[in-house]
Amino acid sequence: MLPSVNEEMQAGDPGVGASVGVSGVQSRSEDEELLGVKDVKRTATQAFGVGVPKRRSSSRSIKRKKFDDELVESSLVKSSSRVKGPPVMEPIRCLGSEPSPIEKKKVTKSGTALTPPLAMMLNPSPLPKRVKKTKQPLHMTKDLGRWKPTDDLLLINAVLQTSDLTSVHLGVKFSCRFTLREIKERWYALLYDPVISKLAWQAMRQLHPEAIAAIQSKALFSQGEQALLAKIGSTSQPKIDVFQELLSKHPGIFHPSRTPKSLMVHWQLLKQYYLLDDQSVQPLPKGDQVLNFSDAEQMVDDVKLKDSRDEVLEHELMISDRHQKREIRQLEQELPRWQVLVDSITGMSMPDFDNQTLAALRGRMVRYLMRSREITLGRATKDKQIDVDLSLEGPAWKISRKQGIIKLKNNGDFFIANEGRRPIYIDGRPVLSGNKWKLNNNSVVEIAGLRFVFLINLELISLIKAEAAKMTQQ
């Protein structure tokens, strides 16, 4: 019955039958297209699902800041992924039927539309990697600040002289205390790093010629230079002419900055450390004969240890000594005036003399009376007694037992004779052992830090002088 109904519908209303046929064909083609897309997805998952495990992912989008290069890449991807117009679907043909020309065009268009995504799925393009900017190593920038052009010039001169970085580390005094490793790294950088070598060369070219000459004068001595200097004998006393002749004979061995004086100084150092050819270091004695400090001190020659004279220092010391002596003289001249003032206050300026006292030796604590023409001064002991015991005035352990003698002559003059080892000062003037000096009234006598004032009984002495004058007239 179905065919008859269809025939009747087609016969009765041909437009309706045609529409029904077209709708049936379109529904069938849509089902076939869905099946085709599923097959494509299945082949893609089979191609990638063999070795790639399934990754869990969230549907939430992670928001983060993008760099400049990522912004450019994302914009390019978005522009390429956009497809203008409605999506093109390929109709599925029935088995055994040939495709029409219109269907062939649709197939070609759909093939071209589906091929690029499939190729991207099968062969995904690798993402471009971010290229990091090369930064200068930290040690290079650090060395540029620490190493000065003077240090680089010192390093180059020292290496050219010794060819040994260990000797350079031990013998050269840089502006900073560089370690051996830092010196090696700097030397290798100067040799093999074009950036550092160029900067160092430009900085060294800007140095002043005087600074360059001063640096070159500090260059280490090479082995050839030391060998020539070591040939000069240690017993000889070479002068500047010898080193000048040596420098003129071997100009190719010695550094251009060498002078005869510098060669002489270095030869003296070699001699001091027993590095000359005719010198040999004596081995230390073994056993009980070990040299002690006192024996070594006796063996040292004082002439060799004599320091060089410093004329500037001696001149300054001489000037200060003159100033001090001038001040002492001024104080000595003012002393009598102050002494009179003190005596007037204390009431001891005019002591009361009796008829038997010729003079008095007054100290701060004790007053000694002179009642004979000759008295002895010193320090009294159990074995020996003296006239004037100075230990009663103060500490007298520096005073001799018989320090001096005070004697009155016939003409009325008093003299003091030094019999001890230490000097006696009379009004600031030293009287050495074996000498004598005249004593006046109010003379200041100083013995080993003890001061006394010598006072004369002028009335009694005037009478003695008168009697002496009468005796001489008779």
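The values are calculated or read from the model by the stated rules, or taken from the named source; none is laboratory data. Model, not experiment: these values are computed from the prediction. Counting neighbours? That spans all protein chains shown, and the Cβs are built from the backbone with ideal geometry, glycine included. Only protein heavy atoms, including side chains, enter the accessible area calculation; ligands, DNA and RNA are left aside. Shrake-Rupley method; radii C 1.70, N 1.55, O 1.52, S 1.80 Å.
Observations
- Electrostatic dipole magnitude of the range 359-471 [Cβ: Lys, Arg +1; Asp, Glu -1; Cα centre; debye, to 20]: 240
- Solvent-accessible area, 1.4 Å probe, carbon plus sulfur percent, for the range 390-460: 48
- In this structure LYS218 has an accessible area near 150 Å², from a 1.4 Å probe over the protein heavy atoms.
- Between the C-alpha center of the range 384-454 and that of the range 208-229 there is a gap of 66 Å.
- Contact order, relative form, for the range 149-217: 41 percent (alpha carbon pairs under 8 Å, 6 or more residues apart, mean separation divided by residue count).
- Violating pairs (Cα-Cα greater than 24 angstrom) within the set LYS218/LYS271; LYS184/LYS261; LYS407/LYS465; LYS384/LYS438; LYS184/LYS271: LYS184/LYS261; LYS384/LYS438; LYS184/LYS271
- Local electrostatic count, ASN410, Cβ distance below 15 Å [Lys/Arg +1, Asp/Glu -1]: +3
- Tensor-based shape of the range 149-217 (alpha-carbon gyration tensor, a/c under 1.5 rounded, otherwise prolate or oblate): oblate
- Distance between the modelled labels on GLU316 and THR179, one decimal in nanometres: 4.2 nm (7 Å Cα→Cβ projection).
- In nm, spacing of pseudo-spin labels at TRP187 and THR235 (7 Å Cα→C-beta vector): 4.1
- Using Cβ point charges alone (K and R +1, D and E -1), the dipole size of the range 167-238 about the Cα centre works out to roughly 100 debye.
- Counting protein heavy atoms only, the range 223-273 has 58 percent of its accessible area on carbon and sulfur, 1.4 angstrom probe.
- Accessible surface for the range 359-471, divided over its residues, is 59 Å² per residue with a 1.4 Å probe.
- Residue-wise HN-Hα coupling along the range 247-255, computed from phi with Karplus coefficients 6.51, -1.76, 1.60 (Hz; x: Gly, Pro): 5, 6, 6, 10, x, x, 8, 7, 5
- Whole-percent carbon and sulfur share, accessible surface of the range 166-218, 1.4 Å: 56
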